[in-house]
Structures are given as structure tokens and as C-alpha cells.
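First up is the structure itself, then whatever we jot down about it.
Nothing in this text is a laboratory measurement; each read-out follows from the coordinates by a stated rule. Computed from a predicted structure; not experimentally measured. Every residue, glycine as well, gets a Cβ built from its backbone with ideal geometry; the counts of neighbours run over all protein chains shown.
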Amino acid sequence: MKILKRTRLAGGLMAFTMLASCNLAPKYHRPAQPVQNAYPANSGVTRPLRGQAAADIGWEHFFTDARLRALIDLALRNNRDLRSQAAAIMEAQGSYEVQHASLFPPIGVTGQSQYFAPSETAGYSFAPGLGRNVSLLRFYNLGIGFSSYEIDLFGRIRNLSRQQAEEMLGSRLNAQSVLISTVSQVANTYLQWLADRELVRVTQDTLSSQQDTLRLTRLKYEHGEADALTLHQAETQVEQAANNKAQYERQMAQDEHQLQLLVGAPLPDTLPAPAPFGAQTMLANLPAGLPSDLIARRPDIQAAEHNLKAANANIGAARAAFFPRVMLTAQEGVSSLQFRHLFTPGAQTWSASPNITLPIFTWGQNAGNLRISKARRAQQIATYEKAVQTAFKEVSDALTARETYLAQDTHLNALVHSSRQAYDLARMRYDSGIDPYLTTLTQQRSLYEAQQGLIVVQLARYQNLVTLYRALGGGWSARDVVADAAGKAQGPEGTRTSSGQSGMDGASLGARKG
């Protein structure tokens with residue numbers, strides 16, 4: 001009963017000490033938004049569009065191409081960058097748990113037995129009644145307690161724990177940034193592969209038409225109905241188209257190699273058939289919202305803010321180093337000179353050893369550490385502001401490009417239609433003997449170039465949509481592999497960790513639904 005009362009008393013004093021301790025960290029204030037409150041006028045956004053935010057649309061809902069979704073799913077399972085980030089999350093979680101455990105005394109059980117043979121020659125004297133026949137002294141001790149536990153009076157350990165928690169959350173958000181980047185890279189590379197495939201198809205059609213023309217021109221030349229210039233012009237077009245076909249086939253192969261690198265495994269033969277070029281998503285007009293929305297939507301901005309909070313907490317730990325540190329060692333148990341009396345009521349014992357250290361002369365070490373922590377906070381403020389500005393630029397660029405690519409697409413479609421009509425008319429006039437082959441050659445080249453230009457602009461337009469989706473924070477959901485791999489990550493408030501200590505709010509750590 002006495003042991004239980006003393007244990008409760010010690011626990012109550014320790015809890016009171018922790019609650020009464022002060023926090024020397026400066027109060028955190030989010031830096032002011034270093035960008036304007038609206039996107040540029042040339043971005044085409046005159047007012048915020050209503051609709052589901054891009055960050056709330058998971059990639060499996062944004063992309064409708066079954067082959068692309070299968071490739072992204074493979075990438076999220078096998079991509080080495082994502083695996084590295086998942087391991088970094090686990091490392092950050094472990095660092096937090098190590099630091100957070102310092103808030104609590106490391107309680108353990110100790111047992112000791114000591115045997116001592118006294119020496120009269122060395123000056124030992126024997127107690128009366130023991131006589132000179134004592135050859136061995138024994139001592140037994142068994143107890144439970146802790147040693148060198150620092151009572152966190154000025155918040156040094158709590159601020160270090162907060163720093164590790166913020167860095168852990170930052171590493172988790174960095175992993176989400178890598179995930180979003182991986183999704184967009186797979187999508188853009190897949191679109192590049194589709195575009196190169198379209199270029200191969202258009203080039204093959206042109207090459208087949210030119211080969212037919214060359215065959216007929218060669219027959220005419222052999223019968224004296226065409227001159228050598230016309231024959232060589234037809235040969236030139238065939239060789240140029242054949243050269244372009246080889247180039248585009250090489251690009252297709254390189255696109256497949258890049259997809260294999262991003263996926264992290266050989267591409268399986270069971271992939272679904274690709275959807276037509278341009279049918280990879282049904283969402284062509286993502287709502288941009290306001291620039292201020294990016295702070296809550298972009299994981300890289302959130303990660304930068306967590307790093308800033310970590311630097312802010314580190315200042316509190318540096319300030320606490322100027323104040324006294326109180327260490328406590330305590331134990332309660334039993335001890336006896338005879339083992340058979342070790343567990344008797346009279347063998348109960350306890351000890352407490354408080355120790356206080358007050359820094360007087362540190363020769364500038366504490367001041368230097370405080371200066372370092374403040375400088376790091378200033379660096380993190382600049383990093384956070386740069387992240388916001390970069391996000392604003394990326395979204396503004398993507399919005400501006402969306403309007404201009406749409407205009408180019410419209411004009412190039414009209415150009416392809418006009419060029420096709422002009423080529424058909426020129427071919428009919430050449431076959432009728434009205435115009436020389438040079439006119440047909442020129443119109444065919446114009447049609448081919450217009451078709452190539454249309455595919456290139458359409459590729460840029462579709463990739464820009466993926467870029468806008470990424471820039472607005474879209475690309476991850478509750479079923480993401482990185483979120484599953486790091487699902488055990490916990491922090492200092494709200495939920496419970498595996499050791500029973502308090503953790504971060506589960507809502508802030510759980511993966512957001514797409």
C-alpha cells in the first residue's frame with residue numbers, strides 16, 4: 001500500500017510539473033500570401049468557376065483511359081522514387097517516436113546481487129559478534145524506477161518533439177508531392193507515346209500515298225510522259241516521309257522505355273487497349289479557384305509550412321537551453337543482506353536523486369544555437385513564400401496555355417481541312433495534266449506539315465491539362481500506395497500511438513479522398 005501511494009504521488013508530481021511547464025517557442029503566424037488575390041487576366045479566369053476542386057478528384061476518376069489507369073496503378077506500386085519516399089516517412093516517424101519518448105521517464109526493473117570478500121589487511125574491520133571467520137558479504141537489491149529523466153520545465157523536449165512531428169508530416173506531404181509528380185509524368189509520357197503513334201500513322205499514310213505516286217511517276221517517266229525533275233521530286237518526298245517515320249518510331253520506343261522506368265517494372269502484355277488520342281480524360285475545364293486555395297491544396301506548400309513550424313519550435317528548444325535543467329533519478333524496491341529476507345516488509349526501500357544544472361558560462365554556445373535556429377526559420381519563411389509563388393506561376397502558366405492551345409487547336413483543324421481540300425484539287429489538276437507535279441507536291445507537303453502541327457499542338461494541349469491538374473494539387477486519393485505505406489505515421493496530438501502516447505490528429509494524417 002505504501003509503495004502504491006508513493007507511486008501515485010510521484011506520478012502526480014510529474015504530471016503537475018509537465019502541465020506547469022512553460023513554452024518558450026515564439027507564437028506561429030503564417031506568412032502573408034506573397035502573390036495577388038487573382039490569376040492574371042490573360043489566364044482566361046475572370047471569376048472562380050464552381051465545381052469539384054482538382055485536389056479532390058483522384059487520378060482514377062480524372063483519367064478515363066483504362067490503359068493509362070493501369071500504368072499509373074503499376075507506377076504507384078513499383079516506382080522507386082515512391083518507395084524511397086515511403087521509407088523516408090517511416091524514418092521520420094521513427095525519429096519522432098524516439099524524440100517524443102523523452103517526454104516520459106524510461107521506467108525499468110533492475111535487479112542486483114553483490115558478493116564481497118573483505119580483507120583485514122586492507123583495513124576492513126568486522127562488526128562485533130561476526131568474528132574473524134567472515135569470508136563473504138552479500139547484498140541483494142530489486143527495484144523499479146527511472147534514471148536521468150529530465151523534467152521539461154521550459155518546454156525544451158516538447159519543442160524538440162514538436163519539431164520532429166512537423167518534419168514527419170512534412171516528409172509525408174513530400175511523398176504526396178512525389179506521387180502527384182509520378183502520376184503526371186506517367187500521364188504525360190503516355191500522351192507523348194500516343195502522339196508519336198499518331199505521327200507514325202499520319203506519316204505512314206503520307207508515305208503510302210507518295211509511294212503510289214512515285215510508282216506511277218516512274219512508269220510515266222519510263223514511257224516518256226514525265227520528266228526526270230518530276231521523278232526526283234517524287235523520290236525526295238518518299239525519302240523524307242520514310243525518314244520521318246523512322247524518327248517517330250524511335251520516339252515511340254523511347255517513350256515506352258520511359259514508361260517502363262516510371263512504372264518501375266516491365267510493361268505487361270495484358271494491358272488494356274489504349275483509348276484514342278485525346279480521350280484520356282473527360283474533364284477539359286478544371287476550376288482553378290483562387291490563389292489562396294493553393295495553400296490548402298498543394299502538398300508542397302503544406303510541406304514547406306510544416307518545415308517552417310518545425311523551425312519555429314526549434315527556437316523554443318534553443319531558448320530553453322538558457323534556463324536550468326532538472327534531472328531526476330528515482331527507484332523503489334527492496335534490498336537485503338540476506339536473500340531470504342529480500343521480500344519481507346522490512347526490506348522495502350526507495351531513493352530519489354534530483355539534479356539541477358544551471359548554465360553560467362557557455363562561451364556563446366547557447367547564443368550561437370539560438371542564432372542558428374532563428375536563421376533557419378528565416379530560411380524556411382523564404383522557402384515557404386517561394387513555394388507559394390511557384391505554385392501561383394505554375395497555375396497561371398497552365399491557365400494561360402489552356403486558352404492559347406485551344407485557339408491553336410481550332411485554327412489548325414481548319415488549316416488541315418483547307419490543306420486537304422487544296423491537295424485534292426491539286427492532285428486532280430495534276431492527273432488531268434493541267435498543273436505540273438510541283439503544285440501537287442507543295443500542297444501535299446503543306447497538308448502533311450499541318451497534320452504534324454495539329455498533333456503537336458493537341459499533345460501540348462492535353463499535357464497542359466495534366467499539368468494544370470497537378471499544379472492545382474490533384475493526383476492522389478485514399479487508395480494511394482504511399483499513403484498506405486505510411487499509414488502508421490502518427491504525431492503529437494489527437495490519436496494514440498502504438499506505445500500509448502498521444503499522436504497527431506488522425507484527420508491531418510489520413511489520406512484525403514479523391
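Put simply, segment 128-238 fits an ellipsoid with semi-axes of 95, 22, 10 Å; these come from the alpha carbon gyration tensor as the roots of five times its eigenvalues, largest first. Every Cα-Cα pair of segment 428-479 was included, and the share exceeding 15 Å stands at 67 percent. For segment 192-266, pairs of C-alpha atoms spaced more than 14 angstrom apart make up 66 percent of the total.
Cβ crowding within 10 Å, taken as a proxy for footprinting-reagent exposure, orders THR329, THR362 from fewest neighbours to most as THR362, THR329. The radius of gyration of the Cα set in segment 389-479, together with its Dmax, comes out at 19.9, 68 angstrom.
If I take R0 = 60 Å and measure r between the Cβ atoms of LEU137 and ALA284 in this structure, what FRET efficiency does the formula 1/(1 + (r/R0)^6) give, to the nearest 0.05? The pair LEU137/ALA284 has a calculated efficiency of 0.10. Look at SER335, SER373, SER353 and count the other Cβ atoms within 10 Å of each Cβ; fewest to most, that gives SER353, SER335, SER373.
In terms of its C-alpha gyration tensor, segment 216-349 comes out prolate, because a/c is 1.5 or above and the ratio a/b outweighs b/c. Take the alpha-carbon centre of segment 423-456, take the same for segment 214-270, and report the distance between them in whole Å. The distance from the Cα centre of segment 423-456 to that of segment 214-270 comes to 18 Å. Residue by residue, segment 189-194 carries 3J(HN,Hα) couplings of 5, 5, 5, 4, 5, 5 Hz when phi is fed to the Karplus relation 6.51 cos²θ - 1.76 cosθ + 1.60 (θ = phi - 60°); x denotes Gly or Pro. Could you give the Stokes-Einstein D for segment 142-206 in µm² per second, using the C-alpha Kirkwood radius, 20 °C, 1.002 mPa s? Rounded, D is 124 µm²/s. Taking other C-beta atoms within 10 angstrom as a stand-in for reagent exposure, MET168, MET428, MET282 fall in the order MET282, MET428, MET168, fewest first.
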